[in-house]
Amino acid sequence: MTTAMSAALRRIQFGNALAAFGNGFTAPFLFIYASHVRDLGDGTAGAVLAVFAVVALVVLPFTGRVIDRRGPMPVAFAGSALGTVGALGFGISESAPSVLASSALMGAGVAILQPALATMVVSCSTAVTRSHAFATQFFLNNLGLGVGGLLGGLMVDEHRPGTFTLLFVIEAAMFVVLAAVLATVRLPQLREAGRDLTQAAADEREAPAEGWSVLLRDRSMVLLCVLGFVLFFACYGQFESGLSAYAVEVTRISTSTLGIALAVNTGVIVLAQYVVLRLVERRRRSRVVALVGVIWAVAWVAAGASGLVHGTQAIATALLITTYALFGVGETMLSPTVAPLVADLAPGRLVGQYNSAFALVKQLALAAGPAFGGLLAAMGAYGVYIVMLVGCSFGVSLLALCLGRRLTAAQDRPYRSVVVAGGSGAPRRPAEAVTLETAPMDRANGAAV
């Protein structure tokens, strides 16, 4: 990876971390803000969160095609602009229609930023460095969200609406800063088999449906999307619904202790990310993901056991906190494996399409997970809930092993494949063995420089 690519990647990740920091200020408080601070009721507050999720499902199917045609930078600028307007709208909204409109704008902005930033990370990394790049992005995201949430919690006062307005202004400012940082970045231009992506983009414009048809014929990518859905459904989709309800209703922990458990999850990610990265980046990605399924199965068993321990609240609490810690360990193993694998499966001219498709799968899981978990919690079917999620976790392992049989050696274990490609004599530098060449590109005029 060249010095210019490294510099561009650092700026992208710095801007992304600041945006996550701004999001951390407001994300935990959206429900309280709409329901209690603006006195719009729980129904409107729930609709705010639903709109935030649904709008992502609307915009993501089209985002990838725009990224592949125009590049990720214009899409990121659009996402930052939508996020800025949405955040400022939240800060001054006093009625249900304005709150819902602000939620739609900010949700659309955050949604299209995800694949745009992921595509930028791909363009500034190689097959060897991509795992480290995505692990760093995940680490900075969680650090930003955690610090932002902590500071936001210290600043807000439910009886002073102005304190919430200040949080939304800070978030809007972080979107502006993200755009300003990205404006200083010169993205490398991916080249595929000696054919640069300017021509590929032209081909794509001539065949507008080709992107989705190529993706849907790619059985490895389809299987990865199924795997991704189960991953997000079984973990992230439960944090704010079924698992929280189980912790309070069955394990009988207080809401403050639940906050500690969530903090432990974030702490494990921040402290363990680079240790875990060193352990997994040279191993088969499919087997790493399969191990995540086993770890999460143990986590759900621990959660189930916490509800069966009677008379020893300290043990029950420790088991539940262990659940959140094990989820954190699994998350640190996924960040250097799944996102880079999406990029490595994608044809060079469809990286945006593949990233957007996977982001869409994530949003579907994040919508289905809380709905399913909340339904079982409302029915009191907690035994069924735990058994189902243990089964989902083992399903992750099975799907990962099936996917591993479809991947090439370079896709499943890129570091080893690149080093071996250098020959048994003088080791070849990893950057020289990557099949995707790079050249600095000025996005203002699309010319390589």
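Things worth noting here:
- For HIS36, the shell of other residues with beta-carbons less than 10 Å away shows a net charge of -2, using +1 for Lys and Arg and -1 for Asp and Glu.
- In this rough spin-label picture, where each label sits 7 Å from Cα along the Cβ direction, the ALA314-LEU154 distance is 3.0 nm.
- Anisotropy class of region 224-275 from Cα gyration tensor, a/c 1.5 cut: oblate
- The spacing between region 287-307 and region 327-399, judged by their C-alpha centroids, is 14 Å.
- Expected 222 nm ellipticity per residue - DSSP helices of 4 or more, -39500 (n - 2.57), all of the chain, to 500: -25500 deg cm²/dmol
- In degrees, nearest ten, helix 197-206 long axis to first principal axis of the chain (Cα): 70 degrees
- Footprinting exposure proxy ranking of SER244, SER98, fewest other C-beta atoms within 10 angstrom first, gives SER98, SER244.
- Applying the criteria of a DSSP loop state and at most 12 other Cβ atoms within 10 Å to the chymotrypsin sites (Phe, Trp or Tyr not before Pro) of region 15-97 yields no site.
- For the chain: rounded, prolate or oblate by the Cα gyration tensor [a/c cutoff 1.5]: oblate
- Of all the options ARG38, ARG160, ARG282, the one that moves most in a Gaussian network model of the chain with Cα springs shorter than 10 angstrom is ARG160.
- Cα gyration tensor shape for region 24-157, rounded if a/c is under 1.5, else prolate or oblate: oblate
- The ratio of the alpha-carbon radius of gyration of region 217-413 to the globular-protein estimate 2.2 N^0.38 Å is 1.04.
- If only the Cβ of Lys and Arg carry +1 and only the Cβ of Asp and Glu carry -1, the dipole of region 1-184 around its Cα centre is close to 740 debye.
- With R₀ fixed at 25 Å, the C-beta to C-beta distance from LEU279 to SER220 puts the FRET efficiency at about 0.50.
- Relative contact order (%) - the chain, alpha-carbon pairs under 8 angstrom, separation at least six: 25 percent
- Degrees separating the helix 219-234 axis from the principal Cα axis of the chain, which is the longest one: 20 degrees
- The longest stretch of the chain left intact once loop-based GluC sites (Glu not before Pro) with at most 13 other Cβ atoms within 10 Å are removed from consideration, loops following DSSP, is 159-449.
Every read-out reported here was derived from the displayed coordinates using simple, explicitly stated rules and does not represent laboratory data. Quantities reported herein were computed from a predicted structural model and do not represent experimental measurements. Note that each Cβ is placed from the backbone with ideal geometry, even for glycine, and that neighbours are counted across all protein chains shown.
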